[in-house]
1. Using beta carbons and a limit of 8 Å, which pairs, at least six apart or on different chains, have the first residue in the stretch A:815-842 and farther than 28 Å from residue A:881 by Cα and the second one of a type in the set (S, T, N, Q) and surrounded by fewer than 16 Cβ atoms within 10 Å (Cβ to Cβ)?
2. Restricting to the stretch A:24-39, what's the tally of residues that are closer than 28 Å to residue A:9 by Cα, open to solvent by less than 30 Å² (accessible area, probe 1.4 Å) and facing chain B (nearest Cβ under 8 Å)?
3. Residues of the stretch A:434-469 being surrounded by 19 or more Cβ atoms within 10 Å (Cβ to Cβ), at pLDDT below 75 and outside any loop (DSSP other than H, G, I, E, B), which ones?
4. I need the helices (runs of 4 or more DSSP H) fully contained in the stretch A:600-660, keeping only those with at least 2 residues that are open to solvent by 40 Å² or more (accessible area, probe 1.4 Å) and in contact with a Cys (Cβ under 7 Å, 6 or more places away or on another chain).
5. Can you pull out the residues in the stretch A:843-881 that are open to solvent by 30 Å² or more (accessible area, probe 1.4 Å), in contact (Cβ under 8 Å) with a residue 12 or more places away in the chain and not in a helix (DSSP H, G or I)?
6. Sort out which residues of the stretch B:18-42 are surrounded by 20 or more Cβ atoms within 10 Å (Cβ to Cβ), free of Cβ contacts under 8 Å to residues at least 60 places away in the same chain and more than 12 Å from chain A (Cβ to nearest Cβ), and write them in order of number.
7. Are any residues in the stretch B:43-65 within 8 Å of another protein chain (Cβ to nearest Cβ), free of Cβ contacts under 8 Å to residues at least 24 places away in the same chain and polar (S, T, N, Q), and if so, which ones?
Amino acid sequence: MRWLSNLRFRLMATLAPSRLERELNEEMAFHLDMEVRKLVAGGMSPEAARREALRNFGEPLRQREKARDSWGVRWIHDFRSDLMLAWRGARKSPVLSLAAIITLALGIGGVTAIFTVVNGVLLKPLPYSNAETLVALNHTMPGIGNPSVPLGPALYHTYRDHSRSLEDIGLWRFTTRTVTGAGEPERVRAISVTETLLPLLGLDPALGRRFTAEDVSPASEGPVILSYGYWQSRFGSDPDILGKTIRLDGTESPIVGVMQPRARIQDVETDLILPLRLDRTSQGVGNWSFPGIARLKPGVTPESASAELSDLTPLACELYPGIPLEELRRREFGTVATPLKEAVVGNAETLLWVLFGTVGMVLLLACTNVANLFLVKAEGRARDVALRKALGASRERLARQALTESLTMGLMGGVMGVLLAFGGVRLLLNMAPTSLPRVDEIRLEPVVLLVALGTALLAGTVFGFLSVFRGGEGSLATPLKEGSRGAGGGQGRARTRNALAVVQVAMAMVLLVGSGLMLRTFVALQGVPPGYQRPEKVLTFRISIPMSEAPAGEDVIAGHREIVRRLSEIPGVTSVSAAASVAMEFWESWQTILMEDYPVPEGDANPLRRLNWITPGHFVTMENPLRAGRSFEWVDILEARPVAVVSEAFAREFWASPAEALGKRFQTEDEQPWKEIIGVAGDVRTRGVTQPAPALVYFPFVMEGLWGDEVFSQRSLRYAVRTTRQSATDILPEAREAVWSANPDLPLSSIRTLEEIFAESIAQTSFTLTMLVVAALVAVLLGMVGVYGVISYLVSQRTGEMGLRMALGANVAQVRWMVLKQAGILASMGVGIGAAAALALSHLIVSLLFGVGWTDPLTYGVVSLSLVGVVLLASYLPARRAAGVDPTEALRGD
Amino acid sequence: MGRQKPDMIKGTLDMLILKIVSMEPMHGWGISERIQQLSRDALQVNQGSLYASLHKLTREGWIRSYWEVTENNRRAKYYALTRAGERQLGMEAEHWDRLASAVARIMAVS
C-alpha cells in the first residue's frame, strides 16, 4: 500500500503543486510565529525575537527548496520550467524560431518523403514468402550480341527435371484477352503461368484452387483464375463465382479460383491468370518467349545456379529437337539467375538513390542554416546566460535548458516535417514516371516515421550542443562589460559561421552541377530524332482481332483493312495505319535474317534482327520519309508477295547507300522462300532515344513463309491516326464509333498519343531533372540566406574597425570592397570544395546522363561563375550597410 | 541558548518524528520543540530538514496530515501516525537498537 500513497502524493504534487506550495508556506509561517512567541515569552523584544527566529529557521528559500525536494517530483517541475522557458524564448524571437522550425520541417519532410519511396521500392522485400531465394531466369547469348532473352520451354522442362540448384521453376508471360458476353467488351490484361508458378511464389487463391498439371496440358479447356479486383469490378464479388464461365476471345472458360486482394506477379496485378500451355512433345530448343522465375534450394547462390543451369544446355539439346548444340555454343548460350528483386526494380535504383542523396543534401543545407540561426540566438542571449550564471545557475542546468529548447524545436520541426511528408509522398507518386516499380508498396510506415522523428531529435540535440558550446563561452565579466560587441568567444563563433557558409555554398554547387548535367541530358534527349514527326497529332490505341472473329489470314487482313478504312473517313484525319509496335513501345521480336549476298561464314552465329509488322501507310502516318523505294500496298499483302522494308541502319550494315539495298534478298531460315527488299525507311529509335536506332526489318502484318508454311497473322496492332485537329485525343469518340461500326466486339486499349509514348520513354530523365532542379533552387536560396546572414554578422562585428578606417580616410567604395572581398573568398572556397565534391559524386549518375560527360567543363564553368555571382549579390546589401556606417557612431560602440 | 550543530544520522530524524507523533498527534513546530525538550537540548532540528522529513513520511504513508485550529485560534497542520507508520516505527526502533548495541560493543573494547 506504500506505493499507492506514494503515487497519490506524487500525482498531487504534479497536478496541484500550488496547493502544496500554499500549505507549505502556511506551515512555515505558523512555525515561525510560534518560535517568535516562544522567544517573546522568554523575554525578548518582538523585533529581536523575529530576527532570532529567522536566523534559527534558516534561509527560507533554501528551506522551501529542501522541503520541495522531498516531494520527489523535482525533475518534473524542472522539466516543466525548462519547457516554459523554451516557449518564452521562442516567443521572444519568433521569426528566428519560426524560420528554424520551417526550415527543419522542409528538410525532414523532404527526406522522409523520398525515404518512403526508397523504402517501398528498394528496401522492402518482395511480397512473396522467402523472397530472397527467388530469382529471375533469363538466357544470354553474347555471341550474337544479345544480352538477355526469356526462357525456352525445352530448357524449362530440362531444368525442372534435372536441376539440382532449383527447388522449383515456373514460366510466365503477359498477354491480353478480349472479354465479351455480359457487359461491354473489354480488353483485359492477363498473365499465363505454368502450374508451378503460384505455389512457387507462395500465392494462394482466396477462393477456389490453383492450376494443376492437367490444366496446363494442351488438351485442357483452359480454366481461369480471376484477380480479386476483377472479381469485384466485373462480377460484383459474386460468392458463387466458381464454376461459372467467362467468354475469352470467343471461348467459354471455366472460372476455378479468385486471387487474394493485391496479389501481384512481377509487380503487376493482371485481371486474369491463365494456364500457360506448353506441349512438351512439340516444343524444341528455341522459342525464347517465356520469362522464368525459380526458387533456389537453400544455400545455393544465384551465381552457382547460373553456372549449373548453363551446364545443362547439352542435356537439353539431347532430349529435345530444335536449335543444335553447336549453334548454341556459337552464340555463347548461357542461363543467368538474377535475384528477383533486382529484376523487378531494375534501374530505378540509381534514380532513387540519386534522389535520396539530393534531398539528403538539402536537409544538410537546411540544418546548417538552422545551426546558424541557433548561433545567432545564442549570441543574442549571451548576456542572459552570463547573468544567470552569476545568479547561481549551474552549467548543467543551463545546458539542460538549452538542450530542451533545441529539442523542442527539433521535435516541432520533425512533426511538421512528417505532416509535410504525407503530402510530399502523394506529390512524388503523381510526378513519378509510370515505370516506377512497386508503386503499390509505397506507404508511410512506422519505420519511416521513426527515422524522421529520430532525425529531428538528433538535429535538435546537435543544435543544442552547438549553442551550449559556442554560446556559453567567454568569461563571465566580458559580455556584461562590453555590451553587445562581445570579444572573447566571438572569434570561435565567427569561424564556425564562416565554415557553415562555405559548406552551404559547396552543397549548392554540387546540386547545381547535378541539375546542369541533367538539364543538358534532357535537352540532348529532346534533340534526338525519334523516327517520326509531330507526335502530338497522332492518336494511338491497340486493337486485337481474336481467332474466333477471324480464323484465317484473309479474315485478319479484311478485318484490319476495314477498320483502317472507317478510321480514315473521320473528318480531320490525314492518315491511318497500324503496326505491331510503334516507336518506343519497347515491344520486341527477333528473327534470324540470312542475306543472300552475305552468307554467314562457317562457325559464326546466325544474325538476329528486330522485326516489326505493319499495314500500308505506316511511314506516311509516322511522317517518317522513305529513304529509298516504296512501302507495302494492300495488294502486296492480299497476294502474299514476299516483300520487306528495312530501316536505314539495316541498310548501312551492308551497303553504302540506301538505294543499293533495293532488290536484295534474304531468308528467315534456310528452307524458307526469299524475301525481297522493296524499300528503305528512316531510322526509328525503338528502344528509346538513348539507344542507337536498331537494324529493323518490316514485314506485312499477314504473310507466309515466316516460320514454316503457315500464314503468320499479327492480330494485335497498334493503330496510329494522324489528324489535323488541335489535339489528337479530340478524335477519340469518333474513332471508337468507327471501330465499333466495323466490329462491335473490339475494344480499344492502351489509348495514348504518340507524344505521350515519347514522354513516357524519357519520363525517368524528366523526373530526375525536375527533382534536381527543385533541390538546386532550394539549395541556392538557402545558401543565399546563409551567406547573407554570415556577411551581415561579420559586418556587424567589424563596425568599429570600419568606422575607424573611414575616419582615417577610407572612402565608401573601399569599405564596400573589403566586405565583398571577404564574401568572394567565402564563395571561392565554397565553389572549390563543391566542385571537388561534384566531381566525386557525378560519376555515380553516369547511367542517367546522355550526350554530356560527367566532367563537362561547360556545366562546371557556368555553375561556378553563377554561384560566385549569386554570393556576391547576397553580400551586396550588408556591404552597402557597412559603407553607410557613421564613423562616430561606430567608434562610440554600444 | 547554547546550541551545537546537531549531528543527526540520516534517517534518525524520521524515526524520531514517528515516535513523537505516536505519543500524540502534533504540528510541525510542536514536533521540533518536543524533540528539543525530550533530548534535553542535545538535538536541535533544522527546520528545512524537519519539513522535508514530514513530507517524505506523509508520502510514504506512515503519517497523515490534517488541518486544525490550535488553542490560539490559528490554523496548523497536524500529523498523526498511521497503522503502517506504527509498523514502520517498530521496525526502525528495532533496527536502531541493534545498531546502537553493536556500536557500544565495539567501543567497549579497551
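1. Here the result reads A:839/A:855; A:842/A:855, each pair linking the stretch A:815-842 to a residue that is of a type in the set (S, T, N, Q) and surrounded by fewer than 16 Cβ atoms within 10 Å (Cβ to Cβ).
2. Of the residues in that region, 6 qualify.
3. Correct list: A:466, A:467, A:468.
4. Where helices (runs of 4 or more DSSP H) fall fully within the stretch A:600-660, none carries at least 2 residues being open to solvent by 40 Å² or more (accessible area, probe 1.4 Å) and in contact with a Cys (Cβ under 7 Å, 6 or more places away or on another chain).
5. Across the stretch A:843-881, the qualifying residues are A:850, A:851, A:854, A:855.
6. B:20, B:35
7. Scanning the stretch B:43-65 gives B:47, B:58.
Every residue, every condition in (1) over 30 Å from residue A:448 (Cα atoms); (2) open to solvent by less than 10 Å² (accessible area, probe 1.4 Å), yes or no:
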residue	(1), (2)
A:110	no, no
A:123	no, no
A:135	no, yes
A:148	yes, no
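The values are calculated or read from the model by the stated rules, or taken from the named source; none is laboratory data. These figures come from a predicted structure and were not determined experimentally. When we count neighbours, we look across all protein chains shown, and the Cβ atoms used for this are built from the backbone with ideal geometry, even at glycine. When the accessible area is computed, the model is the full protein with side chains, heavy atoms only, and any ligands, DNA or RNA have been set aside. Shrake-Rupley method; radii C 1.70, N 1.55, O 1.52, S 1.80 Å.
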